[in-house]
Every structure is written in C-alpha cells, then in structure tokens.
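One structure below.
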C-alpha cells in the first residue's frame, strides 16, 4: 500500500481541524516520508494507523473538543429525532384514546333505580337469566334490590339462548337481579357498579372496572398475564370471583 494512501486517510481523519493546522500536520508527515524514503509499513510502525495518529491530534485540540460536543453523527441525530417523533405519537395516541374511549357519563352517579331516567330507550325485561355473554361490546351493570332483570342496548344485536343473554358489538346497560350470575366477556369493557350480590366474572382480552362505593368485598382472583390493582379483599362479604386472561382489572374512575 502506498504512502499517499496513508496521507489521504490522515487528511480525511483530520477534517475537523482548521485547514492550516491540518496542512501543517500533513506537511510534517510527508517530509518524514520523503527524507527517510519510508514505506507504508514504515509509517505505520513509526506513527501508528492514520486514525490513531489523527486521534492524538484531535484530542489535544481545544477547538476540536468544542466541535465534537456540538456535533452528533448523522445516524445518532436520526435516531434521536425518531425517538422524539415516536414519543410524540405515543402521547397523541394516549390523548386520542382517552377522548374516544371516555365514558358517556359518570356511571357511578347512578344506580338501578335512576339509571332508567338517564337511559330512556329500549329497556327489555328478561327472566331466568343465569349467564351474560359480552362480546366486543361495552357493558355497564347495576344491581336491583328486587328480583328484576332488564337491559338497554344501543343496537338490536342481542338475544337469549338457554338462560344466557348474549350481546355483541354494542353498548348496553343492565339492571341485574338479586341472585348469583355468571358474566363472560371477550374483547369487551365491563363496568360493575356497586354489586349487591355474588357474581362470577370471566374475562379474556377485556377490561373490568369495579365501582365499590366504599363497600367491602371478598375478591377471589384467578389471573394469568393480567394486571390487577388496588383491591382489598375482606372475607365474609359479597364474593366477586374474577378469572382474567389476559385482562386489566381496575377500580372505576370517570
């Protein structure tokens, strides 16, 4: 390899230095090569690689340090910019999610007696219901002190099959009776408002929210890959059994 190649490499490595200083260094190395008739290997043995020699000059140069501090490699700048852009998208997505998934009203302000004053349309009475299946829907559930079962859905996409009320792709409000019920939810948002009787809930790829209204419950959790927060279980109270996979379970907040 020719000595001219070494000088070209060194010139490139010294590009951040002022031109006069860079030229002086190159002139010094070139003079050594001419005077000693040095080969490429001789230069490497005497000064090290072009990168190593350039680094020794750059580290001793205050102006270079200032430039180095203010100058980031293009690739690093790209990833920093990409990170900032990604964070901005996440923040935007969060606010859009909160906006479009915000509850229509504060469910906790109502109960089985007055929710019908808020939701006035399409209340349907049902009897002998033991199970409720909610698929890709939003369901808010209240408990009656009487043996009353009724529901109101925004769309007529619900039906009863073998003591099971099934709702799909809907927004529904339920008034539930004073008896044990089983609720199954898949890809749904379920909100329980102050349960008055024992209930068993099985949720998959869904979210469960519970408004306790300062009541104490005995929680029996069976969870797998699920996030369950802030629940205090007190034995001897109304039992809420929850089988979650994978699904978050939280206290209701408007």
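Since every read-out is calculated from the coordinates, none of them should be taken as a lab result. Note that the structure is a prediction, hence the values are computed from the model and not measured. Methodologically, a virtual Cβ is constructed for each residue, glycine included, from the backbone with ideal geometry; neighbour enumeration extends over all protein chains shown.
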Please report, in whole Å³, the volume per residue of the convex hull around the C-alpha atoms of region 110-184. 78
Residues in region 101-116 reached by a label modelled at residue 214 [backbone nitrogen below 18 Å; 7 Å Cα→Cβ]: 108-111
Which distance in nm do the two modelled labels at residue 147 and residue 32 give, with both placed 7 Å along the Cα-to-Cβ direction? 10.3
With the cut-off at 1.5 for a/c, could you classify region 143-254 from its C-alpha gyration tensor as rounded, prolate or oblate? oblate
Mean separation of Cα pairs under 8 Å and 6+ residues apart, divided by the residue count of the chain: what relative contact order is that in percent? 13
Just for the chain, what percent of DSSP beta bridges are antiparallel, to the closest 5? 20
Rounded to the nearest 10 degrees, the helix 3-13 long axis (Cα) sits at an angle to the longest Cα principal axis of the chain of 40
Helical contribution to [θ] at 222 nm, DSSP H n ≥ 4, -39,500 (n - 2.57), averaged over the chain, rounded to 500: -11000 deg cm²/dmol
Assuming R0 = 51 Å, can you tell me the calculated FRET efficiency for the pair residue 231 and residue 55, based on Cβ-Cβ distance, to the nearest 0.05? 0.30
Which value, in Å³ per residue, describes the convex hull spanned by the Cα atoms of the chain? 239
Please give the Cα centre distance for region 26-58 versus region 123-177, rounded to the nearest Å. 85
